[in-house]
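Reviewing the structure listed below.
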Amino acid sequence: MQKLIVGNLKMNLLTIAERDRYFESFKKELKAKKLLDSKIVICPPSVHVESFVKKTKTKTVSIGAQNIFWEERGSYTGEISATMLKDMGVEFVIIGHSERRKYFGETNETANSKIKAVISAGLVAIYCVGETREERDSGFAAQIIVQQIVEGLADISSAKVASVVIAYEPVWSVGSDSIPTSDEILETRILLRKIFAEKYGLQLADKIKVLYGGSVKVTTAKQLCIDPGMDGVLVGRESLIPMELVKIAEIISVSSEQGAVNNK
Ligand code: PEP
């Protein structure tokens, strides 16, 4: 199955010169590596989306956005809609990232409105879920994740839910160097499958793509994505260095190929 390696560039690449250096370096790194059945999704700041589409989009590289507003058009100063991004060549949108929840007051309900808008525009939503350190330590991680899924995907038909990619991002791991164990990630992946099976049936539960995000690096990628049922990774800081992002993509694609051979 195709693996997704999503790079969230956040609010970085401050100048055109910096952005152009990123393009050059990314292209050079990509040329030198062989990615087996995987796709890199780069999510630049919105001001760079158009140039990223022009300079980096290929069959194996897609462009994503980091956020949208749920309305399609109108008097919403400062916002951009999914339809605008779709027209520009964007294919994915990150929704409900923990930084948007923390700094911009986003909730499961606002994520729900945004996911609906992303789907209506014909784009793929990458919906971020995950518990804080306190929630994990007090034994509420599973409950929080169930709530994020149930509320975030409320009133969306199963046919549409099937297109959503879930990114499991433990908040305590994002931007830190703490990482969960492979078993903890597997437990959450199984929990997600259970929630989808109960709500939408086994067929859909088998189809839903699940990514892991939180301190993915060249040194941790293999361990964090060792579960063959994991469909890829969401990379923050390390995606700012094209060499590291492409290396991570290579590690994920090679280990998925090895998994496929071992399962034969
Ligand atoms: C993220 O921002 O979604 C993320 C996973 O960041 P980092 O890789 O830096 O932990």
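Any read-out appearing in this document is the output of simple, stated calculations on the displayed coordinates, not a laboratory observation. Keep in mind it's a predicted model, so treat the numbers as computed, not measured. Counting neighbours? That spans all protein chains shown, and the Cβs are built from the backbone with ideal geometry, glycine included.
Tally the residues that are within 13 Å of the ligand (Cβ to nearest atom) and farther than 25 Å from residue 63 by Cα, restricting the search to the range 126-175.
1
Rundown of residues vs (1) farther than 25 Å from residue 222 by Cβ; (2) in contact with a strand residue (DSSP E or B) (Cβ under 9 Å, 6 or more places away or on another chain), yes/no style:
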site: 9; (1), (2): no, yes
site: 20; (1), (2): yes, no
site: 30; (1), (2): no, yes
site: 40; (1), (2): no, yes
site: 68; (1), (2): yes, yes
site: 85; (1), (2): yes, yes
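The rows are residues; the columns are (1) buried (at least 18 other Cβ atoms within 10 Å of the Cβ); (2) of a type in the set (A, V, I, L, M, F, W, C); (3) in a loop (DSSP other than H, G, I, E, B).
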position	(1), (2), (3)
7	yes, no, no
19	yes, no, no
22	yes, no, no
30	yes, yes, no
36	no, yes, yes
41	yes, yes, no
58	no, no, yes
63	yes, yes, no
67	yes, no, yes
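Out of the residues in the range 132-146 meeting the condition of being within 14 Å of residue 191 (Cα to Cα) and β-branched (Val, Ile, Thr), tell me which one is surrounded by the most Cβ atoms within 10 Å (Cβ to Cβ).
Out of the qualifying residues, it is 145.
Within the range 88-113, take every residue that is part of a helix (DSSP H, G or I) and in contact with a helix residue (DSSP H, G or I) (Cβ under 8 Å, 6 or more places away or on another chain) and give me the one that is nearest to the ligand (Cβ to nearest atom). I'd like the intermediate steps shown before the answer.
Filtering the range 88-113 for residues part of a helix (DSSP H, G or I) gives 88, 98-104, 108-113.
In the following step, the residues that additionally are in contact with a helix residue (DSSP H, G or I) (Cβ under 8 Å, 6 or more places away or on another chain) were identified as 88, 108-109, 111-112.
Numbers: 88: 22, 108: 17, 109: 21, 111: 15, 112: 20 Å.
My answer is 111.
Please go through the range 43-66 and pick out each residue that is without any contact (Cβ under 8 Å) to a residue 40 or more places away in the chain and polar (S, T, N, Q).
46, 51, 56, 58, 60, 62
Take the range 21-35 and flag every residue that is of a type outside the set (Lys, Arg) and within 24 Å of the chain's Cα centre (by Cα).
As a first pass, look at the range 21-35 and keep what is of a type outside the set (Lys, Arg): 22-26, 29-30, 32, 35.
Hits for the range 21-35 are 22, 23, 24, 25, 26, 29, 30, 35.
Starting from the range 116-128, keep only residues that are under 11 Å from residue 70 (Cα atoms), then list their pairs with residues that are assigned to a helix (DSSP H, G or I) whose Cβ atoms are within a distance under 8 Å, requiring at least 6 positions of separation or different chains.
Pairs found: 117/82; 118/82; 119/160; 120/82; 121/82; 121/83; 121/85; 121/86.
Picking from 204, 211, which residue would you name as being under 21 Å from residue 125 (Cβ atoms) and either out of contact with any Asp or Glu (no Cβ under 9 Å at 6 or more places or on another chain) or in a loop (DSSP other than H, G, I, E, B) (or both)?
Details: 211 fails: either out of contact with any Asp or Glu (no Cβ under 9 Å at 6 or more places or on another chain) or in a loop (DSSP other than H, G, I, E, B) (or both).
Answer to the selection: 204.
Report yes if some residue within the range 71-93 is surrounded by fewer than 19 Cβ atoms within 10 Å (Cβ to Cβ) and under 21 Å from residue 170 (Cβ atoms); otherwise report no.
Scanning the range 71-93 turns up no residue that is surrounded by fewer than 19 Cβ atoms within 10 Å (Cβ to Cβ) and under 21 Å from residue 170 (Cβ atoms).
For the range 156-166, does any single residue satisfy the condition of being assigned to a loop (DSSP other than H, G, I, E, B) and over 16 Å from the mean Cα position of the chain (by Cα)?
Yes: one or more hits.
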